[in-house]
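All remarks here apply to the structure that follows.
Rule-based calculations on the coordinates, nothing more; no lab input. Computed from a predicted structure; not experimentally measured. We place every Cβ from the backbone using ideal geometry, glycine too, and count neighbours over all the protein chains shown.
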Amino acid sequence: MRTGFLILSAFVLAACMGDAPVEDPMEGYQEVQSAKVVDAPEPQAGRFYPGDRDAIDHGAYLIQLLGCGACHTNGALDGVPDMNKALAGSMTGIAYSSPVTDKHPGVVFPPNITPDEKTGIGLWTDTEIANAIRAGTSRHGSRRLVTMPWQGYARINDDDIAAIVAYLRSIEPIANSVPEPVKRGERTRERFVYFGVYQNKLDD
Ligand code: HEC
């Protein structure tokens, strides 16, 4: 019995899909080498939690370890992170349905998680930020975030989540809005990647 299971972690980049022929749904995509460590930006002393430098430093360590910048920093998904806009959102989106079966997959863009009040999470409460990270809930809990890997963060303990929040409040607010999400079936000219998971077929 074949039990092989293959996970391809390479990201595939779609740029302007055009009308790909039905026979090859991957035409119009190219492989990108995006797996790299993205540095967390330096916290700025004196912001929001001036007395709690230890928590901020611990939060910086966790953000680095948990790879938040690999999605939330512009360019990181394409392998060329723009560290001047670290954590300020990605103009490259992530597909949440498969381009193999959907000619036009749904796409979300990792948003700005710097403390900018208009375009980032500056006005979110600590609980709202914690819920987004550990439970994948949107700001007012109205929907579940997609492609944000909250399942992997669900067991972050309260001290660690407080440190992450302290850190996110300590970095420079950067004004930057990401594109609107693209609905499944809707055509987009924005760039996006998808993460592929494939299982071999056991019945032929
Ligand atoms: C695999 C890519 C990826 C990683 C890694 C990732 N995120 Fe996200 N995150 C997203 C996407 C995409 C969204 C928006 C999803 C949606 O709108 O449905 C999101 C949404 C969020 C939101 C809600 C913000 C808003 O404006 O809606 C917060 C807060 C957040 N992420 C924080 C984090 C933190 C902190 C980490 C690291 C611990 C992290 N993310 C790691 C992709 C990622």
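One table, with the values for the structure above:
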{"read-out": "Residue-span extension gain [residue 180 to residue 200] - 0.36 nm each, minus C-alpha spacing", "value": "3.8 nm"}
{"read-out": "Proximal charge balance of residue 136 [Cβ under 11 Å; K/R count +1, D/E count -1]", "value": "+3"}
{"read-out": "Cα-projected label distance for residue 80 with residue 187, points at 7 Å along beta-carbon direction, nm", "value": "2.7"}
{"read-out": "Amide H contacts of residue 106 (H built 1.01 Å from N, under 5 Å, at least 5 apart or other chain)", "value": "96, 97, 184, 185"}
{"read-out": "Cα gyration tensor of the stretch 88-204 - equivalent ellipsoid semi-axes, whole Å, descending", "value": "29, 19, 11"}
{"read-out": "Phi-based couplings in Hz for the stretch 131-141 (Karplus 6.51, -1.76, 1.60; Gly and Pro marked x)", "value": "5, 5, 6, 8, 10, x, 9, 6, 3, 9, x"}
{"read-out": "Extension gain (nm, one decimal) between residue 102 and residue 36, 0.36 nm per residue minus Cα-Cα", "value": "20.9 nm"}
{"read-out": "Taking the chain and dividing mean pair separation by its residue count, relative contact order in percent (alpha carbons under 8 Å, at least six apart)", "value": "31"}
{"read-out": "In order through the stretch 38-43: 3J(HN,Hα) via Karplus (6.51 cos²θ - 1.76 cosθ + 1.60), integer Hz, x for Gly, Pro", "value": "9, 5, 7, x, 5, x"}
{"read-out": "Over the stretch 55-128, volume per residue of the alpha carbon convex hull, in Å³", "value": "124"}
{"read-out": "Taking N as its residue count, the alpha carbon Rg of the chain over 2.2 N^0.38 Å", "value": "1.10"}
{"read-out": "Extension gain, residue 159 back to residue 23 (0.36 nm per residue minus Cα-Cα distance, nm)", "value": "43.8 nm"}
{"read-out": "Listed residues 110, 179, 25, most fluctuating in the chain (Gaussian network, C-alpha, under 10 Å)", "value": "25"}
